[in-house]
1. Could you do me a favour and compute the accessible area per residue for the chain, 1.4 Å probe, result in Å²?
2. Report the extension gain between E149 and A44 in nm, rounded to one decimal, defined as 0.36 nm multiplied by the number of residues separating them, less their alpha carbon distance.
3. What is the chain's relative contact order, in percent, from Cα pairs under 8 angstrom and six or more apart in sequence?
4. Length gain on complete extension for the stretch D68 to R132, per 0.36 nm per residue less the alpha carbon to alpha carbon distance?
5. State the extension gain, in nm to one decimal, for the chain segment bounded by A122 and I6, taking 0.36 nm per residue of separation less the distance between their alpha-carbons.
6. Does anyone have the angle between helix 20-31 and the longest principal axis of the chain? Alpha-carbon axes, 0 to 90°, nearest 10?
7. Apply the a/c threshold of 1.5 to the C-alpha gyration tensor of segment 1-140 and tell me whether it is rounded, prolate or oblate.
8. Around A31, what is the net charge, scoring Lys/Arg as +1 and Asp/Glu as -1 over all other residues with Cβ under 12 Å from its Cβ?
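The values are calculated or read from the model by the stated rules, or taken from the named source; none is laboratory data. Only a predicted model underlies this, so the values are computations on that prediction, with no experimental measurement involved. All Cβ positions, glycine included, derive from the backbone under ideal geometry; neighbour counts span all protein chains shown. For the accessible areas, the whole protein counts, side chains as well, though only heavy atoms, and no ligand, DNA or RNA atoms are used. Shrake-Rupley method; radii C 1.70, N 1.55, O 1.52, S 1.80 Å.
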Amino acid sequence: MKYVDINATVNGLDGVLDPSEYLRRLPALGARLPQGARAFAMAAGHFDFSNPRCTKDLALERVCFGGDEAERWMEVGFLHNCWKHEEDLTIRYEGVSAFTLDISQSTDHQSVVIVDEILPHADGCSHEIAFRPGTIAVTCRDLTAIWTEADCPDQGRRHGTPPSFSLGA
């Protein structure tokens, strides 16, 4: 991450997520982003950590690749968090010129998004997604973010208090 601090110290508390520098620069950066990347990066609620369309707390579901040497694409799918999101997210990258994947191979947990950062690049834009654990970084001509309604059995309890449990006799 260039501007988002994923390990900031705020009011004496270490390990705080602080996107404030990125958000301060986003109007100028956004003006230089391709259309799809700009729409996604500057969408209302993208960096409001309690907003249902914030990427924070989404779980990585899949990474797919396609195309040929002339035009490569990449697609990354994310699953909702039932207590926060109402939709799943798919990001489709067109004209992929570079990517790195450093994500967990463990089967006992999912990689969960901490934050993402989209920046202008000579090839279009770069998009870095930080996870617990790992990162995905993609450089592409442009991207499209598609939110789709989630199939969530806990949908009626969303945005409220998690269910309580008792250890009754």
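1. Accessible surface, normalised per residue, equals 56 Å².
2. 36.0 nm is the gain from fully extending E149 to A44.
3. Details: 341 pairs, mean separation 35.1, N = 169.
In percent, rounded to a whole number, it is 21.
4. On the way: separation 64, 0.36 × 64 = 23.04 nm, distance 3.16 nm.
Working it through step by step, the gained length comes to 19.9 nm.
5. So the chain would gain 39.2 nm between A122 and I6.
6. 40 degrees
7. oblate
8. After counting each charged neighbour, the total is +3.
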